[in-house]
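One structure is given below, encoded as structure tokens.
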Amino acid sequence: MMNNYPHLLKPLDLGFTTIKNRVLMGSMHTGLEDRAKNYQKLATFFAKRAEGQVGLMVTGGIAPNIRAWTAPMSGFLKYKFQTKRHKLITNAVHQADGKICMQILHTGRYGYHPFIVSPSGLKSPITPFKPKILTAKGVEKQINSFVNTAQLAQSAGYDGVEIMGSEGYLINQFLVKKTNKRDDKWGSDYDNRTRFAKEIVERTRQAVGPEFIIIFRISMLDLVSQGSTWDEVVTLAKELERLGVTIINTGIGWHEARIPTIATCVPPGAFTWVTEKMRPHVNIPLITTNRINTPEIAEQILATNKIDMVSMARPLLADANFVKKSMHNQSSEINTCIGCNQACLDHVFKNKRATCLVNPLACYETDYIIKPTNQAKSCAVVGGGPAGMACAKTLAERGHNVTLYEGSEKLGGQFNLAANIPGKDEFFHTIRYFKTQFKKYNVNVQLNSKVNASNLVAYDEVIIATGVKPRELTLEGIDHEKVIVYNELISKQKVAGQKVAIIGAGGIGFDIAEFLSEDDSLHGTDKDVYANPEAFCNEWGIDMNIETEGGLIQANHAPSAREIYLLQRKPGKLGKGLAKTTGWIHRLALKKRGVINLAGCSYNKIDDQGLHITRDDKEEILEVDNIIICAGQVSVNALYEELKDKQSCHMIGGAEFAGELDAKRAIKQGVLLGAKI
């Protein structure tokens, strides 16, 4: 059978070893790296991806010493005795016929602890601690730490190391004028600023010998002021090749940059052009990265023959068998990463173990195990939203006989609404995945089926996943024709006018503000910022010629054609409860589009004039065409209350607890209940 992805699955010959395909599982912190007791879990995590036929994997960042820590007590490798835990990983990966490199990460001023160091002692805007300035002797000590850790990684059985030189970490801090104000041999001109990186690579290659992979993750696009110019990046890349680097990986943007680089709003493969720009200048393999989440996108990128590998981190959290499914032309069966960051990066920033919204088994492979059932039961799942779909799929996968009842004409529940928000259309991937799984495991899907208790008496198990409905406000004039509830707007049952007030500034309120402030006439055109990298770069101020330092130019955010007010009852900044890694993007985008934020509002009434509010003890009238209600949700669980004392009945997802719409919790509940019944 002809494969649909010949470039993706083509081996890559490095001379002394061969990588079986062009997929690199990029480095991502899981939280399991930080405790020795969790290394067996980490070994299983990587082994599952090796069994899934990933060509080459890179661990989360491992510090070379405690000054390099990401946070207190995080993972580091400095002593011989520490290699024992790493051998669990390398042995597991090699038994599965995989290859793995260990990333050496020195955070420099980005470390979240008081022992941090940097070239010039300048405090980072994203950490509370001021770093100590490295002396010349201290610089040498850090170089030696990198080399020592590389040697220990080699003795632990790793196939190579990745030296982390991008994203604003220590090596990157030496490279640019923004953070390197030194006037000794480690600073001033560019040759001196690159000395730290070059010495690390040269001494590491001498220490590990020629038949050991050294990946260098170079910052090709800093996206901060006083960053590297393109000529400087090319100069460094050529030097790295000369000094013995095996592969160059692409790094995009510092962590403090105010431009999104991996969120859902970033177009697929948005930064491939940066890596392609390097192709004429070096002969060693190049890896591109960021927002590559389907085999079709990866194949298209590799088919140009300008890039040698694609890096995918979160997509391999979402589906360990991404590559294996691609090998068998089963793209529709891939559980696709939707770029939400809610269970991976957001967890890491809260010191929680990373996992995946669409795959709660990720990083919990030894905790949650899906086993075939010993006794097949007849199961009814009522509700085809994220919780119901996840539960139905898991039950059927285990061997139960499953009927899924959905009251509307299509599966997806709140995901169907979310997918219509600008930049979130990839949520449709999750619905597609479950539909494919239902066919594979013979789930009997009944659409347009509103069941009652009498319809369910014959089932051994009933799962109520009936979700939520919008909360109704008690407010004078709430039935006025100006009022639109958020689900009516997104589903296009009603259309908003040119002046709009949004009541509720939670996640849904922000989504509605983006929905209304977008120029939807641009969708599907070359000006679609969610699909076209050029349009995205223009909107966010990225210089695609990289002629400026850091690759920054004037952003060109189009103002909203509508006049939009976003209101909340609480005083203080709107959007404080949004996710850490993506909330700032939503706040910044709405600010640039001219959306007006109003906090500390009391809602008095709605009438022909508009929305009457009190703010700062003053009454105001917002003369708007429409008022959009985004005031939260309530559970739909009457059926459970009727059934719970009559037969075996379970409740999951929004039906159990409404709160903010929480697909992460809903899918996890669905999977774990399905694994238990």
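The values are calculated or read from the model by the stated rules, or taken from the named source; none is laboratory data. Note that the structure is a prediction, hence the values are computed from the model and not measured. Please note: Cβ atoms are built from the backbone with ideal geometry, for glycine as well, and neighbour counts cover all protein chains shown.
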Just one of the numbered conditions (1) under 29 Å from Ile508 (Cβ atoms); (2) buried (at least 18 other Cβ atoms within 10 Å of the Cβ); (3) not basic (Lys, Arg) is not true of Tyr459; which one? (1)
Looking at this structure, is Asn329 modelled with pLDDT under 95, surrounded by fewer than 24 Cβ atoms within 10 Å (Cβ to Cβ), on the phi > 0 side of the Ramachandran plot and outside any helix (DSSP H, G or I)? no
Within the bounds of region 196-204, is there any residue that is in the same structural domain as Lys132 (by TED's automatic domain parsing), part of a loop (DSSP other than H, G, I, E, B) and at pLDDT 95 or above? no
When restricted to Asp617, Asp608, the only residue modelled with pLDDT of 95 or more and either loosely packed, with under 14 Cβ neighbours inside 10 Å or out of contact with any Leu (no Cβ under 9 Å at 6 or more places or on another chain) (or both) is Asp608
Working only within region 432-467, note down all residues that are in a loop (DSSP other than H, G, I, E, B) and among the β-branched types (Val, Ile, Thr). Val443, Val451, Val457, Thr466
In region 226-237, is there at least one residue being closer than 24 Å to Gly75 by Cβ and either under 22 Å from the mean Cα position of the chain (by Cα) or surrounded by 24 or more Cβ atoms within 10 Å (Cβ to Cβ) (or both)? no
Residue in region 155-168 that is at pLDDT 95 or above, out of contact with any His (no Cβ under 8 Å at 6 or more places or on another chain), aliphatic (A, V, I, L, M) and in a helix (DSSP H, G or I) present: no
Taking the criterion of being surrounded by 15 or more Cβ atoms within 10 Å (Cβ to Cβ), among the charged types (D, E, K, R) and part of a strand (DSSP E or B), would at least one residue in region 471-480 satisfy it? no
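Rundown of residues vs (1) at pLDDT below 95; (2) not in a helix (DSSP H, G or I), yes/no style:
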residue	(1), (2)
Met73	yes, yes
Phe81	no, no
Leu88	no, no
His94	no, no
Cys101	no, yes
Gly121	no, yes
Ile126	yes, yes
Lys130	no, yes
Gln142	no, no
For Ala313, state whether it is out of contact with any Phe, Trp or Tyr (no Cβ under 8 Å at 6 or more places or on another chain), within 22 Å of Ala92 (Cα to Cα) and among the hydrophobic types (A, V, I, L, M, F, W, C). yes
So which of Leu566, Leu598, Leu574, Leu588 ends up being in contact with a Phe, Trp or Tyr (Cβ under 7 Å, 6 or more places away or on another chain) and either at pLDDT 95 or above or within 25 Å of Asp346 (Cα to Cα) (or both)? Leu598
Could you check region 298-310 and list, in sequence order, the residues that are over 21 Å from Gly423 (Cβ atoms), of a type in the set (A, V, I, L, M, F, W, C), buried (at least 19 other Cβ atoms within 10 Å of the Cβ) and more than 19 Å from the chain's Cα centre (by Cα)? Leu302, Ile307, Met309
Going through (1) over 14 Å from the mean Cα position of the chain (by Cα); (2) crowded, with 23+ Cβ neighbours inside 10 Å; (3) in a loop (DSSP other than H, G, I, E, B); (4) aliphatic (A, V, I, L, M) one by one, Val274 fails only at (3)
Given (1) closer than 15 Å to Asn335 by Cα; (2) out of contact with any strand residue (DSSP E or B) (no Cβ under 8 Å at 6 or more places or on another chain), index of the condition Phe438 fails: (2)
Subset of region 160-193, residues surrounded by fewer than 22 Cβ atoms within 10 Å (Cβ to Cβ), out of contact with any helix residue (DSSP H, G or I) (no Cβ under 7 Å at 6 or more places or on another chain) and either under 12 Å from Gly108 (Cβ atoms) or not basic (Lys, Arg) (or both), comes to Asp183, Ser188, Asp189, Asp191, Asn192
For residues that are of a type in the set (Val, Ile, Thr) and part of a strand (DSSP E or B), scanning just region 365-405, find the one that is nearest to Ser449 (Cα to Cα). Val382
Of the residues in region 619-677, how many are under 21 Å from Glu472 (Cβ atoms) and of a type in the set (Lys, Arg)? 0
I want to confirm something. Restricting to region 24-48 and keeping residues that are farther than 14 Å from Ala354 by Cα and under 18 Å from the mean Cα position of the chain (by Cα), which single residue is surrounded by the most Cβ atoms within 10 Å (Cβ to Cβ)? Leu24
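Can you tell me how many residues within region 110-133 are free of Cβ contacts under 8 Å to residues at least 24 places away in the same chain and closer than 18 Å to Trp186 by Cα?
Count: 4.
If I ask for residues that are crowded, with 22+ Cβ neighbours inside 10 Å and on the phi < 0 side of the Ramachandran plot, which ones from region 497-513 would you list?
Val500, Ala501, Ile502, Ile503, Ala505, Ile508, Gly509, Phe510, Asp511, Ile512, Ala513
Looking at this structure, is Asn538 surrounded by fewer than 19 Cβ atoms within 10 Å (Cβ to Cβ) and on the phi < 0 side of the Ramachandran plot?
No, not satisfied.
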Can you name every residue in region 370-393 that is within 24 Å of Arg353 (Cβ to Cβ) and more than 24 Å from the chain's Cα centre (by Cα)? Ile370, Lys371
Mind listing whichever residues of region 43-70 are in a loop (DSSP other than H, G, I, E, B), of a type outside the set (Ser, Thr, Tyr) and closer than 30 Å to Pro295 by Cβ? Gly52, Gln53, Val54, Gly55, Gly60, Gly61
Quick check on region 215-223. Is at least one of its residues assigned by TED's automatic domain parsing to the domain that holds Ser311, surrounded by 24 or more Cβ atoms within 10 Å (Cβ to Cβ) and either over 30 Å from the mean Cα position of the chain (by Cα) or more than 30 Å from Trp584 (Cα to Cα) (or both)? yes
Could you list all residues from region 421-446 that are surrounded by fewer than 17 Cβ atoms within 10 Å (Cβ to Cβ) and modelled with pLDDT under 95? Asp425
Taking region 512-544 and keeping residues of a type in the set (Asp, Glu), assigned to a helix (DSSP H, G or I) and at pLDDT 95 or above leaves Glu534
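Listed here are the residues, each with its yes/no results for (1) surrounded by 22 or more Cβ atoms within 10 Å (Cβ to Cβ); (2) at pLDDT 95 or above; (3) closer than 19 Å to Ile431 by Cα.
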| site | (1), (2), (3) |
| --- | --- |
| Ala270 | yes, yes, no |
| Val282 | no, yes, no |
| Glu296 | no, yes, yes |
| Met312 | yes, yes, no |
| Leu317 | yes, yes, yes |
| Lys325 | no, yes, yes |
| Asn351 | no, no, no |
Return the pairs, sorted by first residue and then second, in which the second residue is among the acidic types (Asp, Glu) and in a loop (DSSP other than H, G, I, E, B), the first residue lies in region 357-381 and is more than 23 Å from Asp662 (Cα to Cα), the beta carbons are less than 8 Å apart, and the residues are 6+ apart or on different chains. Lys377/Asp460; Ser378/Asp460; Cys379/Asp460
